[in-house]
1. Which one of the conditions (1) under 15 Å from E85 (Cα atoms); (2) open to solvent by less than 50 Å² (accessible area, probe 1.4 Å) does E105 fail to meet, given that it meets all the rest?
2. Taking T77 as meeting all but one of (1) out of contact with any strand residue (DSSP E or B) (no Cβ under 7 Å at 6 or more places or on another chain); (2) at pLDDT 50 or above; (3) of a type in the set (S, T, N, Q); (4) open to solvent by less than 60 Å² (accessible area, probe 1.4 Å), write down the number of the exception.
3. Report the residue count in region 52-75 for those that are in a strand (DSSP E or B) and not aliphatic (A, V, I, L, M).
4. Just to verify a result, which residue in region 112-141, among those that are in contact with a Pro (Cβ under 9 Å, 6 or more places away or on another chain) and part of a loop (DSSP other than H, G, I, E, B), is least open to solvent (accessible area, probe 1.4 Å)?
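The values are calculated or read from the model by the stated rules, or taken from the named source; none is laboratory data. Computed from a predicted structure; not experimentally measured. Cβ atoms come from the backbone with ideal geometry, glycine included; neighbour counts cover every protein chain shown. Areas reflect the complete protein model, heavy atoms only, side chains present, ligands, DNA and RNA absent. Shrake-Rupley method; radii C 1.70, N 1.55, O 1.52, S 1.80 Å.
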Amino acid sequence: MKLIAATIMSLLMLVANSVAGQTASASRASQTAPVQNPAMIQIARSASLQSNKGSDRYFTGSVQVQELFPARDPSRTSSGKVTFEPGARSAWHTHPLGQILIVTEGTGWIQQWGGPTEEIRKGDVIWIPPGVKHWHGATPTTAMTHIAIQEALNGKAVEWMEKVTDEQYHK
């Protein structure tokens, strides 16, 4: 009986050591190799998120755009962090499935076509319904940063239109 118990204990120790070794090597591999399996949690480290100058076709003034995440199947949702220096703004545009803006720094303006310009501030959350023509950006004297979240319809998340004129901006 003692021999059977000793044999079982030895086998359990071998299995435990084997599992521990596999776990440790998997842990080391996860620290050095990027995650390739789409069914696993993925972390985009802040240092890897590149910021780019906003296109002159879609923005007026100094704008930095940082993609936070692209749409990944089956999701259609993407997000970016956009920083507008004072006086900078987007062109008029719409979103086929709407957009959410979360102001994270500063003070800005937003305007719906035909409506008044409204002030938006740090902490404000703005819902722009699908198809609503609008623009957003910084005030003339204050920078503004927001997180933009939108969904794509048939692969398209935004329809860019004409630029906001200085007269429209200062109205």
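1. Just one mismatch for E105, condition (2).
2. The number of the failed condition is (1).
3. Residues of region 52-75 that are in a strand (DSSP E or B), as a first pass: 52-53, 59-60, 63-69.
If we keep only those that are not aliphatic (A, V, I, L, M) too, we end up with 52-53, 59-60, 64, 66-67, 69.
Summing the residues that are in a strand (DSSP E or B) and not aliphatic (A, V, I, L, M) in region 52-75 gives 8.
4. T139
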